[in-house]
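The values are calculated or read from the model by the stated rules, or taken from the named source; none is laboratory data. Here the structure is a predicted model, which means the values were calculated and not measured. As a convention, Cβ positions derive from the backbone with ideal geometry for all residues, glycine included, and neighbour counts pool all protein chains shown.
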Amino acid sequence: MGVALTRSAQWTAAGYGTRTLEITPLNEAILKEIMMFVESFIYKYPQEARYVFVEPLEWKTDLDPSAFESGYIVGETTVKSEEVDENGQPLLFLSVPHIKIRNFGQLSRFLLIAKDTKLKEAQACVEANRDPVAKILGLDYNTMKEDTSTVNILDKVTKGEDSENEIKMKIARLLSQLDLHLLNHSLKHISLEISLNPTSVKNDIEMLKNFSGKGEQTVLESISYTSDYEFSNGCRAPPWRQIHGEICYVLVKPHDVETLCITCSAEGVFLNGGKTDNEGEINYERKGEIYKDLVTFLKEKSEKFSENMSKQEKRFSNKKEKKEPTNDPPEKEEAAPVQKAITGSGKRTLEKNQINFGKSQMTKRLEPSLSWKATVRFKEYRSLLRDPQEEKHRRRPERSGPPVKPGRAQLVRKSTEKIEEIVSESSSESEEDEEPLDRQEANADLPSEYWQIQKLVKYLKGGNQTATVIALCSMKDFNLAQETCQLAIRDVGGLEVLINLLDTDEVKCKIGSLKILKEISHNPQIRRNIVDLGGLPVMVNTLDSPHKSLKCLAAETIANVAKFRRARQAVRRYGGITKLVALLDCGKSSAELAQSSLYDARDVEVARCGALALWSCSKSYTNKEAIRKAGGIPLLARLLKTSHENMLIPVVGTLQECASEENYRAAIKAERIIENLVKNLNSENEQLQEHCAMAIYQCAEDKETRDLVRLHGGLKRLASLLDNTDNKERLAAVTGAIWKCSISKENVTKFREYKAIETLVGLLTDQPEEVLVNVVGALGECCQDYENRVLVRKCGGIPPLVNLLVGVNQALLVNVTKAIGACAVEPESMMIIDRLDGVRLLWSLLKNPHPEVKASAAWALCPCIQNTKDAGEMVRSFVGGLELVVNLLKSDNKEVLASVCAAITNIAKDQENLAVITDRGVVPLLSKLANTNNDKLRRHLAEAISHCCMWGRNRVAFGEYKAVAPLVHYLKSDDPNVHRATAQALYQLSEDADNCVTIHENGAVKRRKMENLFENCHLCQRKVETHLRCVARSARDRSGSAAGVMPHGLHRWKCSVCTVTRRGSKDASSQ
Amino acid sequence: MNYGISDNPRHVGLELGYLRTLQCVEATLDMDQKTLKKLVESISNTVKNFKKSEVECLIRLFHSLVERANVRLNNLGLDRNAFRAILHSVFGMTDDMLMNRVFFVFDKDHDNCINVKEWVKGLSVFLRGTFEEKLKFCFEVYYLNGDGYISREEIFDMLKNSLHQQSSEEENDEGIKELVDITLKKMDYDNDGKISFADFEKAVREERLLLEAFGPCLPEAKNCIDFEALAFRHILNSSF
């Protein structure tokens, strides 16, 4: 019984804890059999019926106590049987709604009592007692493992010799007989059902598709699979559902009914729970009756369908026969052997067959599941993999500082991805993906190509040169771009042979082999295999061949293979970079090859292939260095002067890739490459334009380069390229170049002249992020100019910019905040920003996890606060906003700290807000930062301190938190901005006498030195003079007074002096 | 390790040695200058790939080869064996059958002997032949019975030694047959079961590797260079 229940019964999958039996004909049949067995038990085996179960069978019953009659003690809500066990416990105990039954006799009687509802009761019993045999006979008896079960039971039973055991044995045997019977029975049942298979379902769906569409005559409006992925066994259902026999899910929209979500399974067709909110998921639960096939189902569900169907029935069936005369017979054949097996064999073997059959079916179905998971995982991987990739690129920019850099990383990544989508899996983890994918192939039906290729590989292995060449040429005729062929070559061991051929000195074989390798190495798996088989060193050696066509092919293959890190590393390690660079030198044609061989290509072609390979290789940092060391840059510069587009693209591509390195940028400048880049920008080829723009983008970090671009007239071309927005990659590159170029003021003027600003504003909407980052970056630079700010506002650029503040792209946010900060300098623009709630959005970006975004947002907030009318009010309106800002002072990123200090400076201008941030502990936090030697931070920190002094006893507090002494040392800095800010802060702090003493004690600052320092700054000079006077006076007085105690009067006196002088300085500045 | 290619015994030392051991060509040439001039003149008219001085070198070389090969006979030309010896040792060919076939193609007048004109003409294709010339040459080598087609049987003949490691002859024949089928599938564009010159040309133009589809019948580039370097060494030397 146990086996039958677990194997044959169809359990629903929905619940984990309490699974229920589905109401299928098969289950019903099984239950009926069980009931018959139990009901007749009491008559057939009266002795065994008295046997008390080891554990009671418990379940919830709907039966009313009143239904029980004689032989039972009936209470209000309880029923006890009169029959009791040795200990006097009743063998049936009902306490509504729970029932416990402890022998077959009571079980039989119970079913008799239940009458009409006995099926339901039996079902409930089976559901609640998933392992009835264990409960009846004890756990030992449940170790019934298919064949050995009987033996096991006999073993158990023969050990004990008392009568109870004899009974037990008998029951065990009876149960196993029942089990067998059930299995046979269900098998018969299964064989009676019209079991659908993937092919027939597919045919049905295809057929219906042909008759679907708009219009009255069609049978359906639409029919489609929920999943595009088809497993090798023809199913589309996920593997864990395939185990339940489900084949696929279809969305059908009939003319007269809502869209139906239908499950096609081996048992038939039924309505499922439909699509769930969770995208792509389906509620697999069965929601309706099972129909024998899709057409029957739809006829039942949709009147229109059956109407139109009957109209077309004739045509339909005719067509069906015509269309698939080949498809039908195999279906029948498939079914036939099963039937035969059922009718033909004896009972015992039959059972085994069934089990094995089921088993193999199960394993078969399980297998593709791995690959299915792999595909899902693969997708996840790719999205996951982007992050490390991004990280990798970002790390470098971070090193060199400026917050705008990630934009480049973004762009670089973009370009890398585009050229070699799979490159992103350069990390080792992605290699895990290979294995599950292999499995699927092994399982799939092998296409005819596979056998043909296998034959050819045989000739490669066992043939002489002539046979090899023929086989290679023939292999080349296969569609090598197709994955089946690529993998077939690998699977039959072709890769090894192809690579080994490169080691021989048969030129023709090498050429043929490389021609194939070149094609199949477009496949990422094959690339890895080639590297694993040691293909790269041989190919690198082939680069030395005197045959140019061999060189070309080897270089091209390397270009394909070197798309992931390990491969690139291998190329370098085997000296490939030097050899590839040597290929670029197409001028020197060696005398040895004065005579042209038949198989030879032109020098230019060799150089092109070399550049192509270098392009692939140049994605690794070390390779870039190696290319430079091998003298690649002058050669690339020379090739850049040619006019062949297919030569220029890899050359510029390599340059663009390498230009991420400082060394290269210097060399590029020295080799006067910019000029040629600008020239090629004028080419008609979009890819070339893109790479040129990209290279300019990389190089234009450098001021001189930016000037060169302008001098060679590149800006106009860049501006004009903005008009074509179809090619997003190119647009990204062009806007990137414009961004970097616009760092120079002169260039910005030019851009305005070319009306680029207006176009850029137009690009703020409906563009991919790669483009947006650059557009916004460019606008940020342009808006440093007053006229451009006005222009951007007038073109309506501010609303889209503010809209971009809600994005998630880090690089984009950095640029957007910067651009908005630039715009906010204009009070009129500020009004728009404020109206669009831009300040709140900026403020919320302070919570962004990326420090660069935080810093950039804080910077942008400064002009916003400065230029808003009721800034104080506005700032207060942000709930928790001030606390957020103060807490950012705990950051350990210098840029964040500096920007937050600047923001605090502006916030502190409002007295109320100053009070709030003082409460939030701004003073100790600022004081803690004082020991820094970062000039930028020093400057803004000093400013913040000077502004925060204006509240309460903050001045004194700064002194207490030991902020004063370090501040004095800031005066040693070389940055005049730091001096100015520090002087201001010290001036404020010196209003407290203790601080004065501290300043004096840290008196490394001599008055004369100060005067020298501030010669040019009238205001500072005044302040410093003033406060130095104060300091000097206070110290003098202090030395005269009792040591350690600050006379109260002095304090007051000094303050009055300071106030006077401060007033004086204000007058001076206003004059 | 077997790389799937029959080892082609190459005796570099021998082939170069062979040419070097030829006695100094000028000394042994018993032909007066006038006759030589005339001969050079007439050959140069038909063979465009060589300069006159080169033709002269080749004529001298031919005579010294003939002299060396068959002292007993009249100096008519190179017979099959002598020519095969040259093909083998100088141009590194190994397949007897193909060498015979090359001989027959060189031997335009079918007198079983290569005379000086045939020698120079043949070498011009060998060493400096254009693609079309080589195409024609190879096709001629491969079709022997003269009907202008390479038949299935001929292909079978030419390829029958192209497999090794087969356990039995039967298996081998089976393998060759399949290989022939593959070849015909690839090259027989008009599906008439044999390869015409048009078929051959089309296939080779599409894939140059198929030029020597049925066995090597042209010298490898390296051998050509070596040969030229030696044969024309006097010119090269004098030009410096």
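Does region A:215-235 contain any residue that is farther than 16 Å from A:Leu298 by Cα, assigned to a strand (DSSP E or B) and in contact with a Ser or Thr (Cβ under 6 Å, 6 or more places away or on another chain)?
For region A:215-235, residues farther than 16 Å from A:Leu298 by Cα, assigned to a strand (DSSP E or B) and in contact with a Ser or Thr (Cβ under 6 Å, 6 or more places away or on another chain): absent.
Among the residues of region A:715-754, how many are among the small types (Gly, Ala, Ser), more than 16 Å from A:Asp766 (Cβ to Cβ) and assigned to a helix (DSSP H, G or I)?
Total satisfying the criteria: 5.
May I ask you to verify whether B:His63 is part of a helix (DSSP H, G or I) and in the same structural domain as B:Ile225 (by the TED database)?
Judged against the criteria, B:His63 is a match.
What single numbered condition from (1) in a loop (DSSP other than H, G, I, E, B); (2) more than 23 Å from B:Leu58 (Cα to Cα) fails to hold for B:Asp111?
(2)
For a quick check of your reading: which helices (runs of 4 or more DSSP H) sit entirely within region A:767-880 and have at least 1 residues that are crowded, with 24+ Cβ neighbours inside 10 Å and more than 35 Å from the chain's Cα centre (by Cα)?
A:786-794, A:810-824, A:827-835, A:851-867, A:871-877
In region A:448-466, what residues are more than 9 Å from chain B (Cβ to nearest Cβ), among the hydrophobic types (A, V, I, L, M, F, W, C) and in contact (Cβ under 8 Å) with a residue 12 or more places away in the chain?
A:Ile453, A:Val457
Out of A:Leu517, A:Leu498, report the one residue that is at pLDDT 90 or above, within 14 Å of chain B (Cβ to nearest Cβ), in contact with a Ser or Thr (Cβ under 7 Å, 6 or more places away or on another chain) and buried (at least 21 other Cβ atoms within 10 Å of the Cβ).
Answer to the selection: A:Leu498.
Provide a single number: the residues in region B:140-152 that are in a loop (DSSP other than H, G, I, E, B) and either surrounded by fewer than 17 Cβ atoms within 10 Å (Cβ to Cβ) or among the aromatic types (Phe, Trp, Tyr) (or both).
Total meeting the criteria: 5.
Residue-wise test of (1) in a helix (DSSP H, G or I); (2) buried (at least 20 other Cβ atoms within 10 Å of the Cβ); (3) not assigned by the TED database to the domain that holds B:Leu39.
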site: B:Leu87; (1), (2), (3): yes, yes, no
site: B:Val90; (1), (2), (3): yes, yes, no
site: B:Thr94; (1), (2), (3): no, no, no
site: B:Met97; (1), (2), (3): yes, no, no
site: B:Arg101; (1), (2), (3): yes, yes, no
site: B:Lys117; (1), (2), (3): yes, no, no
site: B:Ser124; (1), (2), (3): yes, yes, no
site: B:Glu154; (1), (2), (3): yes, no, yes
site: B:Glu170; (1), (2), (3): yes, no, yes
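Among the candidates A:Val1031, A:Val1024, A:Val1005, A:Val964, single out the residue that is at pLDDT 80 or above and either of a type in the set (A, V, I, L, M, F, W, C) or not assigned by the TED database to the domain that holds A:Leu941 (or both).
After applying the criteria, what remains is A:Val964.
Would you pick out the residues in region B:100-125 that are more than 14 Å from chain A (Cβ to nearest Cβ) and within 23 Å of B:Leu230 (Cβ to Cβ)?
Passing the criteria: B:Val102, B:Phe103, B:Phe106, B:Ile114, B:Asn115, B:Val116, B:Lys117, B:Glu118, B:Trp119, B:Val120, B:Lys121, B:Gly122.
Restricting the first residue to region B:168-189 and requiring it to be more than 10 Å from chain A (Cβ to nearest Cβ), which pairs with a second residue that is among the small types (Gly, Ala, Ser) and assigned to a helix (DSSP H, G or I) meet a Cβ separation below 9 Å and a spacing of at least six or different chains?
What qualifies is B:Asp188/B:Ala203; B:Tyr189/B:Ala198; B:Tyr189/B:Ala203.
If you go through region A:99-119 one residue at a time, do you hit one that is in a helix (DSSP H, G or I) and at pLDDT below 75?
Checked against the condition, which is being in a helix (DSSP H, G or I) and at pLDDT below 75, region A:99-119 yields no hits at all.
Report every pair of residues separated by at least 6 positions or lying on different chains whose Cβ atoms are under 9 Å apart, first residue within region B:137-165 and within 12 Å of B:Gly215 (Cα to Cα) and more than 13 Å from every other protein chain (Cβ to nearest Cβ), second in a helix (DSSP H, G or I) and among the acidic types (Asp, Glu).
The qualifying pairs are B:Phe139/B:Glu201.
Taking the stated definitions as given, is B:Ile195 among the β-branched types (Val, Ile, Thr) and either surrounded by fewer than 19 Cβ atoms within 10 Å (Cβ to Cβ) or more than 9 Å from every other protein chain (Cβ to nearest Cβ) (or both)?
Judged against the criteria, B:Ile195 is a match.
Does A:Glu483 meet the test of being within 22 Å of A:Val540 (Cα to Cα), at pLDDT 85 or above, surrounded by fewer than 22 Cβ atoms within 10 Å (Cβ to Cβ) and not assigned by the TED database to the domain that holds A:Asn560?
So A:Glu483 fails the test.
Against the condition hydroxyl-bearing (Ser, Thr, Tyr) and modelled with pLDDT under 80, how does A:Ser232 come out, does it pass?
The answer is yes for A:Ser232.
On the given criteria, is A:Val916 in contact (Cβ under 8 Å) with a residue 12 or more places away in the chain and under 17 Å from A:Glu991 (Cα atoms)?
When the stated conditions are applied, A:Val916 does not pass them.
Going through region A:501-512 one residue at a time, which ones are of a type outside the set (S, T, N, Q) and either away from every other protein chain (no Cβ under 11 Å) or not in a helix (DSSP H, G or I) (or both)?
Passing the criteria: A:Leu502, A:Asp503, A:Asp505, A:Glu506.
Which count do you get for residues in region B:126-139 that are more than 18 Å from B:Phe227 (Cβ to Cβ) and surrounded by fewer than 17 Cβ atoms within 10 Å (Cβ to Cβ)?
3
So if I check each of A:Val540, A:Val469, which one is crowded, with 22+ Cβ neighbours inside 10 Å, within 14 Å of chain B (Cβ to nearest Cβ) and part of a helix (DSSP H, G or I)?
Only one candidate passes the filter, namely A:Val469.
Of the numbered conditions (1) at the interface with another protein chain (Cβ under 10 Å from one of its Cβ atoms); (2) assigned to a helix (DSSP H, G or I); (3) in contact (Cβ under 8 Å) with a residue 40 or more places away in the chain; (4) not polar (S, T, N, Q), A:Arg527 fails exactly one; give the number of that condition.
(1)
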